[in-house]
Amino acid sequence: MGKVHNLSVKQGGLEDGREMVPEAAGEVSAVDEAILQLLKERQQVVSPISETPDAELKRIVERGKALGLDSSRVMRVFRELVGNGNKSGQARVQLASRDYKSEDTVIEVRGVKFGGNNFVVIGGPCAVESYDQIAECAKHLRLSGGHALRGGCFKARTSPYSFQGLGFEGLDYLVQAGSEYNLPIITEVLAHDDVEAVAQKADILQIGARNMQNFILLKAVGRSNRPVMLKRGMSSSIEELLLAAEYVLAQGNQEVILCERGIRTFETSTRNTLDLSAVPVLRSKTHLPIIVDPSHAAGRRDLVPPLAKAAKAVGAQGLMIEFHPSPEDALSDGPQALTFAQFETLLKELQGL
Ligand code: PEP
Ligand code: MN
């Protein structure tokens, strides 16, 4: 290994005495040639070592950090390398894991902090329906002490005949309402083709439950420079949720928020079953912020306040709650939307917990 530390590059050759292959000189830069030589050396030295790739990768990433190198890039490069010395070709340290990063990730969006000891409430209607509707919601969210404004513009509806959202027109209303009341905005992006355009306007990109394993979409938001809130698929395990987050992180976007929103079970008295145990499980496995959406879990407004409080009690770092100026007239998810008064009361009660 000594050779590796002493290696430096000069034009036309390597200072440790090794010569560049003649045909490579002039075609491959001296630095790249040195990297190739190191790779060859590493393959010879490292493959017989039976150490687990996880422990090794973790040390390499830590060392890279100390050298001022970007952790996710070091991770990507070395995952390949360590994978070569490992028959399965797979390294198992995940960027989302506490093994990779022990301290909580805190994501700051226009002054609002997600993760760590912060507790954030995202609120708003299921769908943006008009400028007046979203502006009324933004005003009420501000008055009630909420932190970020939600509103669906591209709706992933189970039926193609249900309201599909106002699209980019709705997004403009959401942007306007957010800036008027100084609230960061979050909206769902449905298609990878839309990521760039939505990312230009929204502060946080939401990936909905139905798209949790849309890997092309996950890679696209992973290349964007906006934080991503990833909702758990309705039939997905916690491990699958973490691997979906990994798709985003592996592209270089380190700002991922996870959202538990209920899963499909045999139980029919609620829309989904809120998996509250996912919260402490995730808190122990990952450094990423975890928030809970009791609205889509319950599907009934009367159950939203108790589930919201329970979520906070088990360690969620925030909530996403739907409310509407007139739930009975809502174009989507009316039965689970809180009234303005109920939302305000819930936020007051949460403060006491
Ligand atoms: C939403 O939050 O607007 C939504 C559609 O939720 P989910 O993807 O969890 O069903
Ligand atoms: Mn909804």
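Listed by first and then second residue, the pairs with beta-carbon distance under 6 Å, at least 6 apart or on different chains, first residue in the range 59-83 and within 16 Å of L38 (Cα to Cα), second surrounded by 15 or more Cβ atoms within 10 Å (Cβ to Cβ) and modelled with pLDDT of 80 or more, are V74/V61; V74/G64; F78/I60.
Yes/no matrix, rows are residues, columns are (1) farther than 19 Å from G178 by Cα; (2) open to solvent by less than 50 Å² (accessible area, probe 1.4 Å); (3) hydroxyl-bearing (S, T, Y); (4) more than 13 Å from the chain's Cα centre (by Cα):
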{"position": "I204", "(1), (2), (3), (4)": "no, yes, no, no"}
{"position": "M229", "(1), (2), (3), (4)": "no, yes, no, no"}
{"position": "R232", "(1), (2), (3), (4)": "yes, yes, no, no"}
{"position": "S236", "(1), (2), (3), (4)": "yes, yes, yes, yes"}
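Criterion first (among the hydroxyl-bearing types (S, T, Y), closer than 19 Å to I122 by Cβ, within 16 Å of ligand 1 (Cβ to nearest atom) and in contact with a helix residue (DSSP H, G or I) (Cβ under 6 Å, 6 or more places away or on another chain)) does S295 satisfy it?
Details: among the hydroxyl-bearing types (S, T, Y): yes; closer than 19 Å to I122 by Cβ: yes; within 16 Å of ligand 1 (Cβ to nearest atom): yes; in contact with a helix residue (DSSP H, G or I) (Cβ under 6 Å, 6 or more places away or on another chain): yes.
Yes.
Before we move on, is E129 at pLDDT 95 or above, within 19 Å of the chain's Cα centre (by Cα) and within 15 Å of ligand 1 (Cβ to nearest atom)? It is false that E129 is at pLDDT 95 or above, within 19 Å of the chain's Cα centre (by Cα) and within 15 Å of ligand 1 (Cβ to nearest atom). The residues of the range 186-209 that are outside any loop (DSSP other than H, G, I, E, B) and in contact with a strand residue (DSSP E or B) (Cβ under 9 Å, 6 or more places away or on another chain), listed by number, are I186, T187, E188, V195, V198, A199, K201, I204, L205, Q206, I207, A209.
Residues in the range 209-228 that are of a type in the set (A, V, I, L, M, F, W, C), in contact with a Leu (Cβ under 7 Å, 6 or more places away or on another chain) and within 12 Å of ligand 1 (Cβ to nearest atom): M212 only.
Mind checking which residues of the range 210-223 are farther than 30 Å from S144 by Cβ and assigned to a loop (DSSP other than H, G, I, E, B)? Give the steps one after another, and end with the answer.
Of all residues in the range 210-223, those farther than 30 Å from S144 by Cβ come to 213-220, 222-223.
Scanning the range 210-223 gives Q213, N214, R223.
So, V106, is that one within 15 Å of ligand 1 (Cβ to nearest atom) and either out of contact with any Leu (no Cβ under 9 Å at 6 or more places or on another chain) or within 24 Å of L190 (Cβ to Cβ) (or both) or not? The answer is no for V106. One residue stands out in the range 158-185 among those that are outside any loop (DSSP other than H, G, I, E, B) and in contact with a strand residue (DSSP E or B) (Cβ under 7 Å, 6 or more places away or on another chain): the one that is most open to solvent (accessible area, probe 1.4 Å), namely V175.
Could you tell me whether K139 is more than 16 Å from ligand 1 (Cβ to nearest atom), assigned to a helix (DSSP H, G or I) and either at pLDDT 95 or above or out of contact with any strand residue (DSSP E or B) (no Cβ under 9 Å at 6 or more places or on another chain) (or both)? Talk me through it step by step, then tell me what you get.
Details: more than 16 Å from ligand 1 (Cβ to nearest atom): yes; assigned to a helix (DSSP H, G or I): yes; either at pLDDT 95 or above or out of contact with any strand residue (DSSP E or B) (no Cβ under 9 Å at 6 or more places or on another chain) (or both): yes.
Answer is yes for this residue.
The values are calculated or read from the model by the stated rules, or taken from the named source; none is laboratory data. Because the structure is a prediction, the values reported are computed rather than measured. No Cβ is skipped: glycine too gets one built from the backbone with ideal geometry, and neighbour counts run over all protein chains shown. When the accessible area is computed, the model is the full protein with side chains, heavy atoms only, and any ligands, DNA or RNA have been set aside. Shrake-Rupley method; radii C 1.70, N 1.55, O 1.52, S 1.80 Å.
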